[in-house]
Amino acid sequence: MRFLFDYHELWDIFESEVSELTDNTTEAQRVAHHDEKKKDKKALYLIHQGTNDETFKQIEGATTTSEPWIILSTNYKGDDKIKRVRLQTLRRQYELLQMETTEIIDVYINKVIALTNQMKTNGETHSEQANVEKILRSLTPRLNMLLPQLKRPMTFQQ
């Protein structure tokens, strides 16, 4: 996200709060304050746009950029102990993840990808091959008949 804020020249908003106006401010200070508030609201808007529904619920009451930033950095960074526990939970979910008999394969693939992305966020990587193997192992019996066709290299007629 930092790249997005750097691109929009908004990163400095995270490093300093928007100052309040005093009674004896000049016109130049009012304009600068207005620009600061505008940048703060733009950054807040970008944070809202970059979150999913579940995360948005945690930050929707924020009125300045620093509020959701603190919440997000606490939730997603955490300390090493929290990351290890989170990774342990995600690994277990990954191991136990099985395709439901009525589930569409696209939905199942998206679940596997979402779990591996969460694991990647917490410092563990999975190769694409490991994900493909997980998906192939977890196919339902009705899709197992397609397995030989999926494993065979595709040849194209010229």
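Just a few scattered comments:
- With each label modelled as a point 7 angstrom along the Cα→C-beta vector, the residue 101-residue 9 pair spans 6.2 nm.
- Total formal charge among the other residues, if their Cβ is under 14 angstrom from that of residue 109, Lys/Arg +1 and Asp/Glu -1: -2
- Nearest-0.05 FRET efficiency for residue 42 and residue 80, computed from C-beta distance (R0 41 Å): 0.75
- Average silhouette area of the stretch 2-76, convex hull of alpha-carbon atoms, in square nanometres: 5.5 nm²
- Near the amide H of residue 21, within less than 5 Å, lie no amide hydrogens of residues on another chain or at least 5 residues away, with H placed in the peptide plane.
- Leading residue at positive end of dipole, the chain (Cβ point charges), from 101, 21, 112: 101
- Within the shell defined by Cβ-Cβ distances under 15 Å, the residues around residue 131 carry a net charge of 0, with Lys and Arg each +1 and Asp and Glu each -1.
- The stretch 34-150: equivalent-ellipsoid semi-axes (sqrt of 5 x gyration tensor eigenvalues, Cα, Å): 37, 17, 11
- With contacts taken as Cα pairs under 8 Å at a separation of at least 6 residues, the stretch 2-76 carries a relative contact order of 30 percent.
- Relative contact order (%) - the chain, alpha-carbon pairs under 8 angstrom, separation at least six: 16 percent
- Taken along the Cα-to-beta-carbon direction at a fixed 7 Å, the label points for residue 23 and residue 130 span 6.5 nm.
- Hz values of 3J(HN,Hα) by residue in the stretch 47-57 - Karplus curve (6.51, -1.76, 1.60), Gly and Pro given as x: 5, 4, 5, x, 10, 7, 4, 5, 6, 4, 4
- Integer Hz, Karplus 6.51/-1.76/1.60 couplings in order for the stretch 7-14, x for Gly and Pro: 4, 8, 6, 10, 4, 4, 4, 6
- When shorter helices are ignored and each DSSP H run of at least 4 residues is given -39500 (n - 2.57), the per-residue value for the chain at 222 nm works out to -20000 deg cm²/dmol.
Any read-out appearing in this document is the output of simple, stated calculations on the displayed coordinates, not a laboratory observation. As the structure is a computational prediction, the values presented were derived from the model and not from experiment. Glycine also receives a Cβ, built like all others from the backbone with ideal geometry; neighbour counts cover every protein chain displayed.
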